[in-house]
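The values are calculated or read from the model by the stated rules, or taken from the named source; none is laboratory data. None of these values were measured; they are calculated from a predicted model. With ideal geometry, Cβ positions are generated from the backbone for all residues, glycine too; neighbour counts draw on all protein chains shown.
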């Protein structure tokens, strides 16, 4: 059986930084070549970052991408890596926009491409056939679908090249390629993390390998990009679906594997591109298989990576957040410290006249345990003049406190360049239990995709993880166990306004994430009155939420972005 | 030549209010029948409103739509309108989502349909073939494309039914239907207004009529839906492209026209649905042709309609806005008064220690001329305690003033239920010349799609329009002529930070709206240094803007929503 030594480089691109990403690919090529690799594949759009959204409509951007690919081929040769076959994902264009009458805003002018580089030039180019346009994906907006297949003959090994969604389609390219009898299917991907992705992605890869009767090599990108976190987890399975190599999650890695490739049948498909691989010396490599950790660890690592990349790729020197003594801000502070180091995290305790003693002491305690920078800024004397001049009462007075806190935090942001983190969780944001321009203010929302019940689990896991490694658990036990409260009036708790979180969270999951109707949720066994209360809160809050941004969240739990609903609408189903 | 009496009802649906929209269609059917119409067509998704965004993924919503269509057919018959042929646009489903492996978030499960109702039931149903997925459209996210054509034989008149984008495709359905030889092409549409739409839509309709050698009836919806304004402007052209009837813009209207239909050839296409029309008595109707007004008037009316529908469909009792004495807030106040009446508009003057005398007097003057509710709330005593406790200076101190104003306005919103209007224009928002959680705070942004130079033109047009009708020009001349200033420090003007608006606006148009690269803009004749300054400001502000929402704007000028760009990215082209 012929054998190929394939390197899968899961890299962390910076979106739009074509030169920097190109350097990253060159470094990976160097490391792959040192390990004797014959083929190197990097992820979907690894040259540009993913998703590129409306940059796809800029002809100047697409020309720069194409030029960068051609330069990369030359630079590989200049470094003595010309024999290495490098498969690189990038937006390709500009292409002609098609078929729209009149002088209209053009449709997509780019393709989502994989270029095959060797000997200083592009030897073949594949354009993605299937464009996902659901959940977080908008590729019909950005790309023109490709129509042709690309099959490589690499020293007698027949390799089919696919891109991401191509693999997901039943009766799609894998089935279409059956007659070409590839020995290896190589897919480059930009596949975001979600809590249960493990249960979907690996079985899919295994199923397609068996369908194709071929080995399958799957390379993903890694890193945070706004709402999304790409987790890597690149892997190789054999034709029976058995995992033969697997990269770690949430970090850059070059996975080099010897792949036994089912021998190519004599009848090569007409468009086959023949490439001569470099020769590999030495022994067969010992394959490495990294198993993912428990789900809380995966989610935690996703939140840390998403936060780190948002802060660093946007070149913020530091972050600031309000520390209330409650669980949400405590978890956000620890995520931030894990992401960028405690000395770049500035926390401010902002006690009002309604704040309890434990709010202050729990915040103090957390700051000390984690070693973040910490100050206290009482707001009573800032709130009173406004409350009195405007004669505020009720909810308006409660909101005022949250808004004065936002003013203090944004002032710190403006004075020192900190990014303001907003610390709301998915449950409270879904039902609108927050103040517009108050606690919802902030440029980045680390736990906005995390339901409250999972926030507690993550806190517990993080403390246990620290203890297990002989370190101080960062989160004070009291922040985990005390009843949650906004403390905007005396003796307030969340459950004055909301059902218990163990009831609320599954109803939110059914309504917001799984898109079930009211009747269907009641049929799951929930009280009809509670369901209709929750649904009313959500419908109202989605409308309200549009009044005040919360910044990107990290999609670490549910797959997909928040629902995109009309603001102006009368829900009736 | 056979003749059909066709009613085109351009209705203003409330999104999701299926019963209310159904009532609207019934009323239109009544009026159409009274004028002897044989066929009534209403716009695309007139039963649901448009765009429905992720409501398309709710099976319960789609079942409710389908049920409402069936009930509408019955209710028409019950009212004695069973013979009237009614063509109604609605989302249809749930359909099977297709071809995605694994237990994934489903793709679209709806079609964008036109149902043909007569005698109490659905006689035929067409599903839109071509799904726009550019600019403001996301239909690949929401709909499954249809594949079949529907041709009706109505008393010997052969009528082809299409939906919106189907008409825009070169070599699309109009060409495909050539062999069916329809005498009338009837398209139902949800086509949003933009400044130059007149120059595109009418010529397209004329061109397709000539291509089909058929009369063409085009019915649009009307009304505001979040960012979008649908302008109606429904029309009928004959086979030579000559306009024979045209509805007014920006209002509901039932346009009833006798259409001479080219006789159907003998060879009916196989899937033709034959319907017997009711008989028409009396004389041939005199056709009505409404010509659109000048462009400033169209834009003004679009802004007024968009604001009115946002306020009323969302059931806000009233609006509030800060009145600075400058042109932007003056124009927004007049738009609001035109939209919902002066007594529902609450304006607050918020002078600081840097405010000039004319800021106050120009605001007073405007409030008096327009008759809106008006109060003055000085902010100096609210700003000082914060500035002193936090020791703020520079931009942080400037932003503080804007944020305290937002607190005052949001307090009024929370106390009285007003919707807060934010008054920024497209030029300043594009370059980030505003304060997050300050002047950018607000639930709706009437002029966010209007460049500053057009704001002045609109103000001048509105004053002249008032004078021409013997009314007081609403906007004080001084607000139009004085140099624009944020007044956040002594003697500040916009041009301390920005190029003159007559230079800035065309560069913004080239970069943001037309997606040109830096080199291409310089090649248009602009100074390279100015272009690169502006581009840097825009890139920075798009990133900054994501930190604080501004609420929906009205797309009244450029076609399309704001660019959707990654937040985390390094622009290099």
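The table for this structure:
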| read-out | value |
| --- | --- |
| Output for the range B:209-235, where each listed residue is crowded, with 23+ Cβ neighbours inside 10 Å and touching a helix residue (DSSP H, G or I) at 6+ places or on another chain (Cβ under 6 Å) | B:212, B:216, B:218, B:223, B:224, B:229 |
| Enumeration of residues in the range B:209-229 that are farther than 16 Å from residue B:88 by Cβ, under 10 Å from the mean Cα position of the chain (by Cα) and part of a strand (DSSP E or B) | B:223, B:224, B:225, B:228, B:229 |
| Set B:518, B:530: member being within 13 Å of chain A (Cβ to nearest Cβ), touching a helix residue (DSSP H, G or I) at 6+ places or on another chain (Cβ under 9 Å) and either modelled with pLDDT under 90 or over 19 Å from residue B:447 (Cβ atoms) (or both) | B:518 |
| Criterion (without any contact (Cβ under 8 Å) to a residue 40 or more places away in the chain and either more than 10 Å from chain B (Cβ to nearest Cβ) or under 28 Å from the mean Cα position of the chain (by Cα) (or both)) met by exactly one of A:432, A:438 | A:438 |
| Selected residue (only one of A:61, A:137, A:143 is in contact with a strand residue (DSSP E or B) (Cβ under 8 Å, 6 or more places away or on another chain), facing chain B (nearest Cβ under 10 Å) and buried (at least 19 other Cβ atoms within 10 Å of the Cβ)) | A:61 |
| Residue among B:18, B:26 that is surrounded by 24 or more Cβ atoms within 10 Å (Cβ to Cβ), more than 20 Å from residue B:165 (Cα to Cα) and either in the same structural domain as residue B:133 (by TED's automatic domain parsing) or touching a residue at least 12 places away in the same chain (Cβ under 8 Å) (or both) | B:18 |
| Qualifying residue in the range B:497-513 (condition: at pLDDT 95 or above, out of contact with any helix residue (DSSP H, G or I) (no Cβ under 8 Å at 6 or more places or on another chain) and crowded, with 16+ Cβ neighbours inside 10 Å) | yes |
| Flag for residue A:393 being touching a helix residue (DSSP H, G or I) at 6+ places or on another chain (Cβ under 6 Å), over 20 Å from residue B:401 (Cα atoms) and surrounded by fewer than 23 Cβ atoms within 10 Å (Cβ to Cβ) | no |
| Any chance residue A:359 is surrounded by 20 or more Cβ atoms within 10 Å (Cβ to Cβ) and modelled with pLDDT under 95 | yes |
| Flag for residue B:312 being without any contact (Cβ under 8 Å) to a residue 40 or more places away in the chain, at negative phi and assigned by TED's automatic domain parsing to the domain that holds residue B:440 | yes |
| Positions within the range B:29-58 being surrounded by fewer than 24 Cβ atoms within 10 Å (Cβ to Cβ) and under 24 Å from residue B:184 (Cβ atoms), in sequence order | B:30, B:31, B:33, B:34, B:35, B:36 |
| Residues located in the range A:465-495, provided they are exposed (fewer than 14 other Cβ atoms within 10 Å of the Cβ) and either free of Cβ contacts under 8 Å to residues at least 60 places away in the same chain or farther than 19 Å from residue A:367 by Cα (or both) | A:467, A:468, A:469, A:470, A:471, A:477, A:481, A:483, A:490, A:491, A:493, A:495 |
| Residue ID - surrounded by the fewest Cβ atoms within 10 Å (Cβ to Cβ), chosen from residues in the range A:168-188 that are under 19 Å from residue A:116 (Cα atoms) and within 14 Å of chain B (Cβ to nearest Cβ) | A:173 |
| Helices (runs of 4 or more DSSP H) within the range A:451-533 that include 1 or more residues outside the structural domain of residue A:425 (by TED's automatic domain parsing) | A:501-508, A:518-523 |
| Residue match in the range B:2-21 (condition: in contact with a strand residue (DSSP E or B) (Cβ under 6 Å, 6 or more places away or on another chain) and closer than 18 Å to residue B:125 by Cβ) | no |
| Candidate set from the range A:275-305 (those that are loosely packed, with under 14 Cβ neighbours inside 10 Å and touching a strand residue (DSSP E or B) at 6+ places or on another chain (Cβ under 6 Å)); member that is farthest from residue A:153 (Cα to Cα) | A:289 |
| Residue match in the range B:411-418 (condition: surrounded by 21 or more Cβ atoms within 10 Å (Cβ to Cβ) and more than 13 Å from chain A (Cβ to nearest Cβ)) | no |
| Residue in the range B:189-204 that is nearest to the chain's Cα centre (by Cα), counting only those that are within 11 Å of chain A (Cβ to nearest Cβ) and crowded, with 22+ Cβ neighbours inside 10 Å | B:194 |
| Some residue of the range B:450-457 being modelled with pLDDT under 95, within 14 Å of chain A (Cβ to nearest Cβ) and buried (at least 17 other Cβ atoms within 10 Å of the Cβ) | no |
| Only one of B:305, B:382, B:366 that is within 14 Å of another protein chain (Cβ to nearest Cβ) and within 32 Å of the chain's Cα centre (by Cα) | B:305 |
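Here is a yes/no grid of residues against (1) over 24 Å from residue A:133 (Cα atoms); (2) touching a helix residue (DSSP H, G or I) at 6+ places or on another chain (Cβ under 8 Å):
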site: B:146; (1), (2): no, no
site: B:159; (1), (2): yes, no
site: B:166; (1), (2): no, yes
site: B:204; (1), (2): yes, yes
site: B:207; (1), (2): yes, no
